[in-house]
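**Student:** Let me begin by handing over the structure; questions about it come next.
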Amino acid sequence: PTPEEVLGYMPGEWHVTHDQLVYYMKTLAAASDRISIEETGRTYENRPLLLLTITSPENHRQLESLRREHLELTNPESAARLVTDKMPVVVYQGFSIHGNEPSGANAALLVAYYLAASKSRAVEKLLDETIILFDPCFNPDGLQRFSTWANMHKSQTLVSDPQSREFNEVWPRGRTNHYWFDLNRDWLPVQLPESQARLRTFHRWKPNVLTDHHEMGSDATFFFQPGVPQRTNPLTPRRNQELTAAIARYHAEALNEIGSLYYSEENYDDFYYGKGSTYPDANGGIGILFEQASSRGHLQETDNGLLSFPFTIRNQVRTALSTLKAAHELRKDLLDYQRDFFAEAAKEGAADPRKAFVVGTADRSRLQAFCEVLDRHQIEAYRLQRPVANGSHSFLPDQSLVIPLAQKQYRLIQALFDTSTEFADSIFYDISAWTFPYAFGLDWTDME
């Protein structure tokens, strides 16, 4: 069934509420053998966090074995024997992590329908060779707040004046989750239920590509990564940016076909690993940020003319599909890159003169909280077995953890403990890095 048949309106005529989004996705999954649906968690307001797995019926029948084989790419000891020519690529598509950036979640209605209903040979082949992890809304509570606001202030004859109440939400607005936390800064801290559900999905599959569909100021156009080249995290391999640029060519082609304006390699960066578009870069994948100029309601006057809500949805649909086309056609490149990433990280970790980080505190609850963060990132940590001293730092066994560097999450560990204060470009979108031992108030040192 189409979204219109189930919801009673064409996407873009109204802002989809989260309950409507859930209802449609469950209805679609029940009607299609290409889709399975599960609840990965609940928000603070008790809304379900959904994950659709979209692939061919044949892949669904062997999904667990495909997942296990895919994870072997991250194991340097066994990855070399895998034949990537025959393996499906894994793409994680997420929408509207900021609830008042709604074109993503509304586009998810159409993208999911297209993947379920299309009878084209191209889509069938794509689904044979691609496993799509599809999250229609990263931030249910925020989307519900914003959709309520936009719909309740919609006029029968659309008002486009930017001063209209429709475009100016009351505090706390819909950007954040229930506790007003920006979920797109929580990929590293992982403190919130929405983030914890996302990370479980991410590490259960280790996707090759993850997309994060956002909106920006109404007077802009459309952005896709790569970001500003000199603002790339130095821990990110060059090959990552080469593949990001290769995927970007597919986005450019898709938007050129419909005459949409866009830009790349400006404004946004690839530095802080705590965002959805950069976290994959520290985990052997490719993270991609999309930023669509926001209508903020249904129709708004901008520097580029009238910007309608359906127009914003269309751009998000086009780039969601261009992502899938790119991932499918670059499938072997992406799978080989993932294997190489973890093999090289393991070698770098083994060659590092520092053998481990040691962290400690007399506050065991704080140490436990830190340990939980490491566990969510699949970073190995161990209890200290005997007292250790390094210069002015002393650590006791019952108050300390040892984090060895010779492990496959070597690059992510470096990011968590990074203390860099000099950068190629001193300007950042907002955050350069969070040094986690400092954030948790822990004493720490590296050990040779």
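**Student:** Report relative contact order for the chain in percent, whole number only (criteria: Cα-Cα under 8 Å, sequence separation at least 6). List each step's numbers first, then the result.
**Tutor:** Working: 863 pairs, mean separation 77.1, N = 448.
About 17 percent, as a whole number.
**Student:** Shape verdict for the range 257-366, please, from the Cα gyration tensor: rounded (a/c under 1.5), prolate (a/b greater than b/c) or oblate.
**Tutor:** Values: a/c = 3.45, a/b = 1.78, b/c = 1.93.
Oblate shape, in that a/c is at least 1.5 and b/c is the bigger or equal ratio.
**Student:** Against the longest principal axis of the chain, how steep is helix 103-117, in degrees 0 to 90 to the nearest 10, with axes from Cα atoms?
**Tutor:** Taking the Cα atoms of the chain, the angle to 103-117 is about 80 degrees.
**Student:** Okay, next question. Within the chain, which is the longest segment containing none of the chymotrypsin sites (Phe, Trp or Tyr not before Pro) that sit in a DSSP loop and have at most 15 other Cβ atoms within 10 Å?
**Tutor:** On the way: sites that count: 9, 44, 179, 180, 423, 428.
Looking at the chain, 181-422 is the longest stretch - no exposed chymotrypsin sites (Phe, Trp or Tyr not before Pro) with at most 15 other Cβ atoms within 10 Å.
**Student:** Using the Karplus equation 6.51 cos²θ - 1.76 cosθ + 1.60 (θ = phi - 60°), what ³J(HN,Hα) coupling, rounded to whole Hz, does each residue of the range 329-345 give in order, writing x for Gly and Pro?
**Tutor:** Taking θ as phi minus 60°, the curve returns 6, 9, 3, 5, 4, 5, 5, 5, 4, 4, 4, 5, 4, 6, 5, 5, 4 Hz for the range 329-345.
**Student:** Springs between alpha-carbon pairs under 10 angstrom, Gaussian network model over the chain: which of 100, 390, 177 fluctuates most?
**Tutor:** 390
**Student:** Let me ask something else about it. Name the GluC sites (Glu not before Pro) in the range 19-60 that are in a loop by DSSP and that have at most 15 other C-beta atoms within 10 Å, would you?
**Tutor:** Numbers: sites: 38, 39, 45, 58; in loops: 45.
Here the GluC sites (Glu not before Pro) that fit, given the DSSP loop and packing criteria, are 45.
**Student:** Mind listing the long-range amide H neighbours of residue 302? Cut-off is under 5 Å, sequence gap 5 or more, other chains count too, H placed in the peptide plane at 1.01 Å from N.
**Tutor:** When sequence neighbours closer than 5 places are left aside, the close amide H contacts are 307.
**Student:** Relative contact order for the range 299-448: what percent, with Cα pairs under 8 Å and sequence separation of 6 or more?
**Tutor:** Numbers: 164 pairs, mean separation 42.0, N = 150.
It rounds to 28 percent for the range 299-448.
**Student:** Pick out, in residue order, every one of the trypsin sites (Lys or Arg not before Pro) in the range 85-139 that is DSSP loop and has at most 15 other C-beta atoms within 10 Å; say none if there are none.
**Tutor:** Values: sites: 86, 119, 121, 125; in loops: 119.
The qualifying sites are 119.
**Student:** Okay, next question. Going by alpha carbons, how many degrees (0 to 90, nearest 10) lie between the helix axis of 18-31 and the longest principal axis of the chain?
**Tutor:** Taking Cα atoms only, the helix is inclined about 90 degrees.
**Student:** Quick check on the chain: helices-only [θ] at 222 nm, where DSSP H runs of length 4 and up contribute -39,500 (n - 2.57) each and the sum goes over total residues. Nearest 500, please. All intermediate terms of the calculation are to be shown ahead of the outcome.
**Tutor:** Details: 14 runs with 169 residues, N = 448.
Theoretical 222 nm ellipticity from helices: -11500 deg cm²/dmol.
**Student:** Counting alpha carbon pairs within less than 8 Å and at least 6 residues apart, what relative contact order, in whole percent, applies to the range 290-368? Display every interim value, and only then the final one.
**Tutor:** Details: 29 pairs, mean separation 12.4, N = 79.
The value is 16 percent.
**Student:** While we're on this one: Would you kindly give the portion of the calculated P(r) for the range 352-447 that falls above 22 Å, as a percent of all Cα pairs? Each step should come with its number before you reach the end.
**Tutor:** Details: 1298 of 4560 pairs.
Percent of Cα pairs beyond 22 Å in the range 352-447: 28.
**Student:** Which of the lysines could be linked to residue 86 by a straight reach, that is with a Cα gap under 18 Å, when you skip same-chain ones fewer than 8 residues away?
**Tutor:** The qualifying lysines are 125, 206, 325, 332.
**Student:** Please work out the C-alpha center-to-center distance from the range 150-185 to the range 82-103 and express it in whole Å.
**Tutor:** Computed from Cα coordinates, the inter-centre distance equals 27 Å.
**Student:** Tell me which residues come under 5 Å, amide H to amide H, from residue 287 once H is placed; ignore anything under 5 positions away on its chain.
**Tutor:** 210, 281
**Student:** Got a sec? Charge dipole of the chain, +1 on Cβ for Lys and Arg, -1 for Asp and Glu; which of 97, 226, 84 is way out at the positive end?
**Tutor:** The residue sitting most towards the positive pole is 84.
**Student:** Between 239, 386, 47, which gets the highest mean-square fluctuation from a Gaussian network model of the chain, Cα cutoff 10 Å?
**Tutor:** 386
**Student:** Which of the GluC sites (Glu not before Pro) across the range 233-271 are loop residues per DSSP, with 12 or fewer other Cβ within 10 Å?
**Tutor:** Details: sites: 242, 253, 257, 265, 266; in loops: 265, 266.
Sparse-neighbourhood loop GluC sites (Glu not before Pro): 266.
**Student:** Among DSSP beta bridges whose residues both lie in the chain, state the antiparallel percentage, nearest 5. Mind dumping the intermediate values first?
**Tutor:** Details: 32 of 54 bridges.
Once the DSSP bridges in the chain are tallied, antiparallel ones form about 60 percent.
**Student:** Shifting gears a bit: For the chain, modelled as a Gaussian network with Cα springs under 10 Å, which listed residue fluctuates most, 364, 175, 376?
**Tutor:** 364
**Student:** Which of 324, 357, 293 sits closest to the plus end of the dipole of the range 291-366, meaning its Cα is farthest towards the positive end, when Lys and Arg get +1 and Asp and Glu get -1 on the C-beta?
**Tutor:** Going by the charge dipole, the pick is 357.
**Student:** Restricting to bridges with both residues inside the range 190-299, how much of the DSSP beta-bridge set is antiparallel, in percent to the nearest 5?
**Tutor:** Details: 3 of 13 bridges.
The antiparallel fraction comes to roughly 25 percent.
**Student:** As I understand it, the value is the acute angle between the Cα axis of helix 364-376 and the longest principal axis of the Cα atoms of the chain; what does it come to in degrees, rounded to 10?
**Tutor:** Result, in degrees: 60.
**Student:** Right, next: Please turn the phi angles of the range 48-58 into ³J(HN,Hα) values with the Karplus equation 6.51 cos²θ - 1.76 cosθ + 1.60 (θ = phi - 60°), one per residue in order, whole Hz, x for glycine and proline.
**Tutor:** x, 9, 9, 9, 9, 9, 10, 6, 6, x, 5
**Student:** Taking neighbour Cβ counts within 10 Å as the exposure measure, how do 96, 36 sort from fewest upward? Numbers along the way, then the final one.
**Tutor:** Numbers: 96 32, 36 14.
Final ranking by Cβ density, sparse to dense: 36, 96.
The numbers here are math on the coordinates, done by the rules we state, and not lab data. It should be emphasised that the depicted structure is a prediction, and the values quoted were computed from it without experimental measurement. In this analysis, Cβ positions are derived from the backbone assuming ideal geometry, glycine residues included, and neighbour counts consider all displayed protein chains.
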